[in-house]
Structure formats: C-alpha cells, structure tokens
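Here is the structure we will look at.
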Amino acid sequence: MQARRTAILTATTVIGASLVTIGTMPGASAGPRRADLVVSALGTPPATVKHGSSFELGATVANKGRASAKRSSLRFYLSRDRARSADDIVGGSVAVKRIKPRKKKTVSGKVHVPVGASGTYWVLACADATAKVKETKERNNCRVSKSQVEVDAGLHAALVGRLTFLDEGERTDPTTGRVETWRHTASASISMAVDGDPRNPTFASTGSTYERAGSVVALEESDSCRVELDREETGGGTLRYAGDRFNDDINGRFTRTDLSGLRIGLSLRADWTATTTRTGRGQFPCDPSTTTTQGTVLDVSSIELAEVSAAGTGITYRVVGWVGEQNTSSEWDRVEGTLTLTPR
C-alpha cells in the first residue's frame with residue numbers, strides 16, 4: 001500500500017513539474033518590445049489669432065514603451081471637437097528626435113492658421129503623425145489643448161507695390177502747322193492697410209507717395225512770327241488720405257468676392273510753368289515777347305488689377321486696365337506695375 005502511494009505522488013510531481021516548465025517557456029505570453037509615444041504636455045494657445053497668421057506652441061513627447069522610438073514627426077491640428085478627425089485643419093509639423101524608453105523630448109513649432117479659417121478651435125498635438133514608429137498602442141498619440149483659440153475671420157492685410165505711368169507723343173496741327181512734342185511720367189508707391197469684412201473692407205493709405213514730371217515743347221512758324229512754347233511740370237509727395245473717398249488722393253476696393261480683382265483710384269497733381277517766346281521774322285515781323293504762365297494739373301485714374309499668383313503668404317496683382325475720371329479715356333498711354341496683398 002505504501003509503495004502504491006509513493007508511485008502516485010511521484011507521478012503527480014513529474015506532471016506538475018512538466019506543467020511549470022511549459023508555462024514558463026520563453027515567449028509563451030510576452031510580446032515584442034515596442035515604443036509607445038504620447039504627448040505628455042501641450043502648451044497653451046493664444047486666446048485670439050488672425051486668419052492667415054501663425055503662433056508658436058510647445059509640446060512634450062514621451063516614450064512610455066520598452067523600446068526606443070526612432071525619429072518621428074509631431075503634427076498640430078486645429079479641431080472643432082477636441083478629437084482627431086478628417087475635417088481637422090493641419091497646422092504644421094515638428095521633427096522629433098529618437099527617444100529612449102521612459103524618456104521624453106520637448107519640441108516647439110509654429111501652428112499656421114490658413115486664410116479663411118474662422119471661429120473657435122481646439123489645438124491637437126499628435127505624436128508620430130506619419131506612423132513611422134511601431135507602437136504598443138496606436139490610439140493614444142494625441143493630446144488636446146486645455147483652452148480654445150479664436151480665429152478672427154476679418155481681413156487684415158497690407159497692400160504694397162509700385163505703379164508707373166507714361167504718356168508721350170508728337171502731333172502736328174494741319175491748319176497752323178504747329179508741332180507739339182510731349183513726355184509725361186509718374187510713379188506711385190502704394191502702401192495701404194486693408195481691414196474688415198472681406199466683402200467690403202476699408203482701404204486706408206499708410207503713407208502712399210508719388211512723383212510726377214513732364215514737359216511739352218511746341219513750335220509754330222509763320223511768315224511773320226516764330227512762336228516757341230516750353231512747359232515743365234513737376235509734382236510729388238504723400239498722397240492725401242483722410243478716409244473721405246470724395247476728396248482723398250487714393251482709394252481702393254475689391255472687384256471680386258474671392259479677392260482676385262482689385263481697383264485703385266489715384267489723383268496725381270503737378271504744378272507747371274510755361275514760357276512762350278515770340279520772335280519776329282520776315283518783312284512784317286511780329287512784336288517779340290516772352291510770357292510766363294503757371295498753373296496746376298490734376299490727373300484722376302481708375303486702375304484695374306487682376307490676380308496673377310496666390311499663396312499662403314499673399315496675393316499678387318498686375319495692372320490689366322485703366323481709365324480716366326468717370327470712365328473717360330485716360331491721358332496715360334501706359335500704366336504698369338504690381339501690388340501684393342499680404343496678411344498681417
């Protein structure tokens with residue numbers, strides 16, 4: 001009887017030992033070591049920003065896993081609902097260096113707010129945004145800001161550039177034979193602040209200036225007299241602006257709701273001095289004389305510009321047409337130049 005008991009105990013011990021051995025075989029339950037990236041801290045975004053601008057934001061990426069995480073990318077998003085979704089706006093990315101297990105890295109980058117964004121947004125920061133790191137968990141990579149950022153949808157931009165004007169020619173009066181030659185030039189340096197509802201913003205001059213010069217030379221001859229005219233004109237300075245479109249020297253407006261068309265109105269003044277010299281000739285000469293007169297000339301132009309390129313940094317426009325006051329024919333033969341609208 002004792003011998004039988006001993007045999008049973010021995011068999012039980014062997015089976016138990018076998019079970020222990022099987023249960024502790026290497027790799028039976030332990031998975032491969034992997035990294036686990038999370039955003040452990042996220043900075044506070046500003047309370048208000050303008051669309052088309054950007055702001056700096058810091059974040060800390062931690063590796064909670066048991067393996068090193070190779071170089072990765074952290075990405076910022078603007079989100080309406082605190083959760084990562086397809087309609088979130090990508091705000092920018094920051095490179096993150098290799099992180100050892102149980103270590104972390106603090107990074108900082110710009111969050112770009114696109115033109116046209118408006119309302120309130122949460123800021124999301126998501127580690128390993130391009131899925132380059134194999135992780136034990138793939139759904140814990142994002143962190144949401146504690147506060148929202150308000151995006152001002154109003155247009156706040158600077159319109160700057162240069163416009164040039166040219167008028168030159170020669171004509172002969174078939175009746176009197178008077179020959180007249182002229183050349184007029186002008187340039188305007190445009191500097192305007194554009195603010196408000198994009199459908200009807202305010203264009204306020206911020207120190208726009210101009211220069212204007214010109215000359216007219218005329219000669220008329222008869223049997224008894226030679227008449228010469230020499231007229232010089234010059235003008236320049238700051239284009240007058242007080243916010244009164246009826247009296248200002250400069251004004252502006254968009255001609256298209258998508259901001260692709262633009263019209264600028266300019267009034268360019270110049271003072272002139274004309275000297276007329278009469279010289280007698282022939283058998284019955286006229287009385288010789290020299291007369292000097294002075295005055296002021298005003299040219300009013302409405303200049304149309306169209307978009308030629310657009311990017312996140314702004315819109316560039318080029319002159320495509322121009323007319324005189326109240327849509328009359330312009331005195332200028334050529335008007336050229338570009339203006340650039342840049343968010344500020």
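The values are calculated or read from the model by the stated rules, or taken from the named source; none is laboratory data. The structure presented is a predicted model; accordingly, all values stated were derived computationally and were not measured. Cβ sites come from the backbone with ideal geometry, for glycine too, and all protein chains shown count toward neighbours. When the accessible area is computed, the model is the full protein with side chains, heavy atoms only, and any ligands, DNA or RNA have been set aside. Shrake-Rupley method; radii C 1.70, N 1.55, O 1.52, S 1.80 Å.
Numerical summary
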| quantity | calculated |
| --- | --- |
| Check on ALA125, in contact (Cβ under 8 Å) with a residue 40 or more places away in the chain, in a strand (DSSP E or B) and open to solvent by less than 80 Å² (accessible area, probe 1.4 Å) | yes |
| Residue within segment 108-117 that is open to solvent by 40 Å² or more (accessible area, probe 1.4 Å), in a loop (DSSP other than H, G, I, E, B), more than 26 Å from ALA311 (Cβ to Cβ) and touching a residue at least 40 places away in the same chain (Cβ under 8 Å) present | no |
| Members of segment 323-337 found to be assigned to a strand (DSSP E or B) and either exposed (fewer than 14 other Cβ atoms within 10 Å of the Cβ) or within 25 Å of the chain's Cα centre (by Cα) (or both), listed by number | ARG334, VAL335, GLU336, GLY337 |
| Options ARG278, ARG226, ARG240; residue that is of a type in the set (Lys, Arg) and under 30 Å from the mean Cα position of the chain (by Cα) | ARG240 |
| Test for LEU259: is it touching a residue at least 12 places away in the same chain (Cβ under 8 Å) and within 24 Å of the chain's Cα centre (by Cα) | yes |
| Test: SER145 is in contact with a Phe, Trp or Tyr (Cβ under 8 Å, 6 or more places away or on another chain), hydroxyl-bearing (Ser, Thr, Tyr), more than 30 Å from VAL217 (Cα to Cα) and open to solvent by less than 20 Å² (accessible area, probe 1.4 Å) | yes |
| Test: residue in segment 44-55 that is at pLDDT 95 or above, surrounded by 14 or more Cβ atoms within 10 Å (Cβ to Cβ) and among the aliphatic types (A, V, I, L, M) | no |
| Single residue of segment 198-239 satisfying the filter (in a loop (DSSP other than H, G, I, E, B) and touching a Gly at 6+ places or on another chain (Cβ under 6 Å)) that is modelled with the lowest pLDDT | ASP223 |
| In segment 94-104, the residues that are closer than 13 Å to LYS70 by Cα and either hydrophobic (A, V, I, L, M, F, W, C) or part of a loop (DSSP other than H, G, I, E, B) (or both) | ALA95, VAL96, LYS97, ARG98, ILE99, LYS100, PRO101, LYS103 |
| Test: ALA213 is under 25 Å from ARG162 (Cβ atoms), under 28 Å from the mean Cα position of the chain (by Cα) and small (Gly, Ala, Ser) | no |
| The one condition in (1) farther than 13 Å from CYS142 by Cβ; (2) touching a Phe, Trp or Tyr at 6+ places or on another chain (Cβ under 7 Å) that ARG82 fails to fulfil | (1) |
| Subset of segment 281-299 (residues that are surrounded by 10 or more Cβ atoms within 10 Å (Cβ to Cβ) and of a type in the set (D, E, K, R)) | ARG281, ASP299 |
| Tabulated pairs, segment 224-235, first polar (S, T, N, Q), second assigned to a strand (DSSP E or B) and buried (at least 17 other Cβ atoms within 10 Å of the Cβ), C-beta under 9 angstrom, 6+ apart or interchain | THR234/ARG212; THR234/GLY214; THR234/ALA270; THR234/TRP272 |
| Subset of segment 289-316 [within 32 Å of the chain's Cα centre (by Cα) and touching a residue at least 60 places away in the same chain (Cβ under 8 Å)] | ASP299, SER301, ILE303, GLY312, GLY314 |
| Filter result for the condition that a residue is part of a strand (DSSP E or B) and surrounded by 13 or more Cβ atoms within 10 Å (Cβ to Cβ), over SER309, SER302 | SER302 |
| Matching residues, segment 240-254, being crowded, with 16+ Cβ neighbours inside 10 Å and outside any loop (DSSP other than H, G, I, E, B) | ILE250, ASN251, GLY252, PHE254 |
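Listed here are the residues, each with its yes/no results for (1) open to solvent by 60 Å² or more (accessible area, probe 1.4 Å); (2) within 30 Å of THR293 (Cα to Cα); (3) in contact with a Phe, Trp or Tyr (Cβ under 6 Å, 6 or more places away or on another chain).
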position	(1), (2), (3)
ASP167	no, yes, yes
PRO174	yes, yes, no
VAL194	no, no, yes
ASN200	yes, no, no
SER205	no, no, yes
CYS225	no, yes, no
GLU228	yes, yes, no
ARG256	yes, no, no
GLY261	no, no, no
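Yes/no per residue for (1) part of a loop (DSSP other than H, G, I, E, B); (2) touching a helix residue (DSSP H, G or I) at 6+ places or on another chain (Cβ under 7 Å); (3) open to solvent by less than 60 Å² (accessible area, probe 1.4 Å); (4) within 30 Å of ARG33 (Cβ to Cβ):
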position: PHE76; (1), (2), (3), (4): no, no, yes, yes
position: ARG82; (1), (2), (3), (4): yes, no, no, no
position: GLY92; (1), (2), (3), (4): no, no, yes, no
position: THR106; (1), (2), (3), (4): no, no, no, yes
